[in-house]
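Asks: First the structure, then my questions, so here it is.
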Amino acid sequence: MILTKTQAILTLIALAAALASPALAQDNDPNGGVLWDLPVELHGFYEMRAGYRLRNDKHEKDMSIMENRLQLELSTFTEWADFKGKGDIVGDLVEEQGDFDLREAYMFTVPRDYMDVKIGRQILTWGTGDLIFINDLFPKDWQSFFIGRDPEYLKAPSDAAKVSFFTKAGNLDIVYTPQFDPDRFLSGRRLSYWNSSLGRLAGQDAIIHTDKPDRWFRDSEIAARLYKTVGSYELALYGYRGFWKSPAGLNSTRSQAVFPDLNVYGASIRGTVGKGIGNLEAGYYDSADDRSGKNPLINNSEIRYLAGYSQEIGKDFTMGLQYYVEHMLNYSEHKKNIPVGLERDRQRRLITVRLTKLLMKQDLACSVFTYFSPTDEDVYMRPNVRYKASDNLTLEVGGNIFFGEHPDTFFGQFRNNTNIYTAVRYSF
Amino acid sequence: MRIELVTKLLLVLGLSLPAFGQEKPKSTLPSVEQIVNRANLAAYYQAKDGKAKVKMTITNKKGQKRYREFIILRKDIKDGGDQKYYVFFLKPADVRKMVFMVHKHSDLKKGDDRWLYLPSLDLVKRIAAGDKRTSFVGSDFLYEDVSGRSLEEDTHEVIETTDEFFVVKNVPKKADTVEFSYYNVSIDRKTYMPMKMEYYDKNDKVYRTIESAKVEIIQGFPTVVKSIVSDLKTGGKTVMEFSDIKYDIDLKDVFSERYLRRPPREARR
């Protein structure tokens, strides 16, 4: 399914580029040109990455990551449009398979002074959180994040059309995804997790099977953002209509995980506060398949909000702090309807701390990002050291460290996945 | 009467009498405020906007070299006042297409607004204004060398006037916020271009210099096309070379989130 979609997108982009080229060729080349006459740029990197689990995990392999990756990026432009294709060829020794991951393949054009259009496979991001997402409901790849791939892989691509309008009164982005793009969620394939049906930690022995909404145009997603900058403050309103991006419920026979309907309405502000940057963001998660909160198989509606602040606290030394809350809305219904012992806390609170220090003329970057939940009593730490040995060569070591009091909390369930990794990347 | 008229005309044209070859009376020398103001305009505010391609060669004590290449767009909101900068990275490969944007505020109470755009994540990041005397992209140039140091942060005094230069000594008003105890700038008397800056440490020793190694007239504007900073303490050196310089290019307001996510034509072609 994914492959056919990839092929379809590649074909469309090639067609669009081919259609675009004759007009240009007439200007430049009397012999009549084809695609090859376009000014094409090729860039990318080659990377080797290896990582091991630090704790025994009977549900997963000891190797947490072991892969070779070649990323190629091709871009070109004509008078009226830009084209970009970016894909990774991956040799994955953990899953013992080769893979092609098409990350971007889009056409970008400016049909009017006040309008931008981007169509195709693209990475999309908005919102103000740092590694916390409230109103950004574009697909994430948590598996890549936890096994130690580069942070760029936390964002999974969307197959979408993004139309943006720019006016003095404000700017509007509308993203339409004709077929639901879920997260590359945690399925048990690479990371062990808490399986509530089994009541224990599980992994490859209990891969999560899902019933994913996948009808074109009927199971679509639409996301919008209205934003404006006033002085040095960035204000935004958000809306989303689609589905929970990771499994958020079970079907009635409890055999498959499902992605229930979800609508989100939110707002954010970001700007200068004292010597640093402050941000506030909130979102109302309307779990449309269980508005009353009575269905124990489907996630309840929630309010999510965060406050963040970052500041330089020394030379080339920055600190970022965030406080984040997920607040369940129909908690009494949730408690009433769920079997005793399985109920969740009303609130999940999270504190994050980011510390980044640059050394050796910024060639050496040391950072730690820590999530700590006082309600779940769990911790997730992401230490990372990156050294630029030359303009092209980067060496990296890092870890994904999980602690938890309980095996069923969000980070606590991953304790046996604690891993360290190292990588070498040559960019060109 | 004739002379008065000519004088008036010359004043309007912005020329000064000594150009006529008359005996130079001391009182016609510009004041130190005039000198530093004109030097600030010459170094950072030529024309109303402009673009350039910048190549940086960073050499460390051992002779190892690193390269940076970027396109820089600038637009002045007010001469000598607020400005907007847009930096589009071309090299090295791992930062290609990254964008760094600054809304510079001349009001000292107001920190600059800075953004960074990371294309692989489509992420618009706001960065805290922070210390302006930290390295710009790992080079020996500091943020402040690239976008200018506010004149209000120092007291200024002309310590020497030669046939070619005014030498101005600049002493920081808040000594604890900077690493130098003072710096001297040699300003070209004709173009008002700062040609050499020497930074002195607490022991009155020069430890850092910036030289305008090559100045060209571009569209009528004297322009530094090669600048060299030497760090005498670390033995490091960075050469910054400018090419494809264009002034008054009628830049639209490309200094917004729209153009962070999608670099303007001026930055790409």
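Asks: Using bins 10 angstrom wide from zero, how does P(r) for segment B:177-269 break down, in % of all Cα pairs?
Replies: Values per bin, smallest distances first: 13, 31, 27, 24, 5.
Asks: Report Rg/Rh for the protein assembly as shown, rounded to two decimals, where Rg is the Cα radius of gyration and Rh the Kirkwood radius.
Replies: Ratio of gyration radius to Kirkwood radius for the protein assembly as shown: 1.02.
Asks: Quote the charge dipole size of segment A:111-215 about the Cα centre in Debye, to the nearest 20; the model charges only the Cβ of Lys and Arg (+1) and of Asp and Glu (-1).
Replies: Charge dipole of segment A:111-215: 120 debye, to the nearest 20.
Asks: Let me cross-check residue A:369: its accessible surface, 1.4 Å probe, with only protein heavy atoms counted, in Å² to the nearest 10?
Replies: Its accessible surface works out to 10 Å², give or take rounding.
Asks: Please list the three semi-axes, largest first and in whole Å, of the ellipsoid equivalent to segment B:113-269, using sqrt of 5 times the eigenvalues of its alpha carbon gyration tensor.
Replies: After scaling each eigenvalue by five and taking roots: 31, 22, 15 Å.
Asks: Roughly how far apart, in whole Å, are the Cα centres of segment B:35-109 and segment A:177-248?
Replies: Value for the Cα centre distance between the two parts: 41 Å.
Asks: Name the residue, out of A:197, A:220, A:158, whose mean-square fluctuation peaks in a Gaussian network model built on chain A with Cα pairs under 10 Å.
Replies: A:197
Asks: Round to the nearest 10 and give me the degree value, 0 to 90, for the angle of helix B:2-13's Cα axis relative to the longest principal axis of chain B.
Replies: Once rounded, the angle reads 10 degrees.
Asks: Moving to a separate point now. Pop the C-beta distance of residue B:62 and residue A:68 into the FRET formula with R0 = 45 Å and round what comes out to the nearest 0.05.
Replies: 0.90
Asks: Another question, if that's okay. What number, in percent, do you get for the relative contact order of chain B if the mean sequence gap of Cα pairs under 8 Å and at least 6 apart is divided by its residue count?
Replies: 19 percent.
Asks: Then there is this: May I ask you to give the percent of accessible area on segment B:143-269 that is carbon plus sulfur, with a probe radius of 1.4 Å?
Replies: 48 percent
Asks: Report the extension gain between residue A:370 and residue A:42 in nm, rounded to one decimal, defined as 0.36 nm multiplied by the number of residues separating them, less their alpha carbon distance.
Replies: Value of the extension gain: 114.4 nm.
Asks: Where the only charges are on Cβ atoms (+1 Lys, Arg; -1 Asp, Glu), what is the dipole of the protein assembly as shown about its Cα centre, to the nearest 20 debye?
Replies: Computed about the Cα centre, the dipole is about 740 debye.
Asks: Enter the accessible area of residue A:175 (Å², nearest 10), with the probe set to 1.4 Å and all protein chains included.
Replies: 0 Å²
Asks: From the square roots a ≥ b ≥ c of the eigenvalues of the alpha-carbon gyration tensor of segment A:64-185, which class results: rounded (a/c under 1.5), prolate (a/b over b/c), or oblate?
Replies: oblate
Asks: Let me ask something else about it. 222 nm [θ] for the protein assembly as shown, helices only, -39500 (n - 2.57) per DSSP H run of 4+, per residue, to 500?
Replies: -3500 deg cm²/dmol
Asks: Give the residues of segment A:394-428 whose amide nitrogen is closer than 15 Å to a point set 7 Å from the Cα of residue A:345 in the direction of its Cβ.
Replies: A:403-413
Asks: Of A:89, A:328, A:274, whose Cα points farthest to the positive end of the dipole of the protein assembly as shown (charges on the beta-carbon: +1 Lys, Arg; -1 Asp, Glu; origin at the Cα centre)?
Replies: Comparing the listed Cα positions along the dipole, A:274 ranks first.
Asks: On a 0 to 90 degree scale, rounded to 10, what angle separates helix A:2-28 from the longest Cα axis of chain A?
Replies: That works out to roughly 20 degrees.
Asks: Other chains near B:128-135: what is the mean number of their Cβ atoms within 10 Å of each residue's Cβ?
Replies: The per-residue average across the peptide is 6.
Asks: Compute for chains B and A the buried accessible surface, both sides summed, probe 1.4 Å, and express it in Å² to the nearest 100.
Replies: Heavy-atom accessible area buried at this interface is about 3500 Å².
Asks: Keeping the other protein chains in place, figure out the carbon and sulfur percent of the accessible area of segment A:5-427, with a 1.4 Å probe.
Replies: 60 percent
Asks: Something else: Starting from the eigenvalues of the Cα gyration tensor, five times each then square-rooted, give me the equivalent ellipsoid semi-axes of segment A:286-384, largest first, whole Å.
Replies: For segment A:286-384, the ellipsoid semi-axes come out as 39, 13, 10 Å.
Asks: Filter the cross-link list A:275/B:205; B:62/B:97; B:53/B:84; B:104/B:174; A:388/B:202; B:61/B:169 down to pairs whose alpha-carbon distance in this structure exceeds 23 Å.
Replies: Long pairs (Cα-Cα over 23 Å): A:275/B:205; B:62/B:97; A:388/B:202; B:61/B:169.
Asks: Roughly what percent of Cα-Cα pairs across segment B:82-191 reach past 22 Å?
Replies: 46 percent
Asks: Give me, ordered by chain and number, the residues 5 or more places off residue A:256 or on other chains with an amide H under 5 Å from its own placed amide H.
Replies: Amide H to amide H, under 5 Å and 5 or more residues apart or across chains, residue A:256 pairs with A:251.
Asks: Sort A:194, B:115 by heavy-atom solvent-accessible area, probe 1.4 angstrom, most to least.
Replies: A:194, B:115
Asks: Given a 10 angstrom Cα cut-off, can you work out which residue in B:83, B:46, B:64 is the most mobile in a GNM of chain B?
Replies: For chain B, modelled as a Gaussian network with Cα springs under 10 Å, the answer is B:64.
Asks: Extent of segment A:356-421 along each principal axis, from alpha carbon coordinates, in Å, largest to smallest?
Replies: Extents along the principal axes: 44, 20, 11 Å.
Asks: Using θ = phi - 60° and the Karplus curve 6.51 cos²θ - 1.76 cosθ + 1.60, what whole-Hz ³J(HN,Hα) does each residue of segment B:128-145 get, with Gly and Pro shown as x?
Replies: Karplus-based 3J(HN,Hα) across segment B:128-145 equals 4, 4, x, 6, 7, 9, 10, 4, 8, 6, x, 8, 7, 7, 9, 3, 5, 5 Hz.
Asks: Taking the full set of protein chains and a 1.4 angstrom probe, give the accessible area of residue A:406 in square angstrom, rounded to the nearest 10.
Replies: 70 Å²
Asks: Can you give the extra length, in nm with one decimal, that the chain gains between residue A:230 and residue A:390 once fully stretched, where that is 0.36 nm per residue apart less the Cα-Cα distance?
Replies: 53.5 nm
Asks: Have a look at B:94, B:76, B:131 and tell me which one the Gaussian network model of chain B (Cα, springs below 10 Å) gives the largest fluctuation.
Replies: So, out of B:94, B:76, B:131, the one fluctuating most is B:94.
Asks: Tell me, Kirkwood radius of segment B:59-132 from alpha-carbon pair distances, in Å?
Replies: 14.0 Å
Asks: With a point put 7 Å past each Cα toward its Cβ, work out how far residue B:221 is from residue B:107 in nm, to one decimal.
Replies: About 2.6 nm, to one decimal.
Asks: From the gyration tensor of the Cα coordinates in chain B, what semi-axes in whole Å does the equivalent ellipsoid have, largest first, with each one equal to sqrt(5λ)?
Replies: 33, 24, 18
The values are calculated or read from the model by the stated rules, or taken from the named source; none is laboratory data. Since the model is a prediction, treat every value here as computed from it, not as a measurement. As a convention, Cβ positions derive from the backbone with ideal geometry for all residues, glycine included, and neighbour counts pool all protein chains shown. Please note that ligands, DNA and RNA were not included when accessible areas were found on the heavy atoms of the full protein model with its side chains. Shrake-Rupley method; radii C 1.70, N 1.55, O 1.52, S 1.80 Å.
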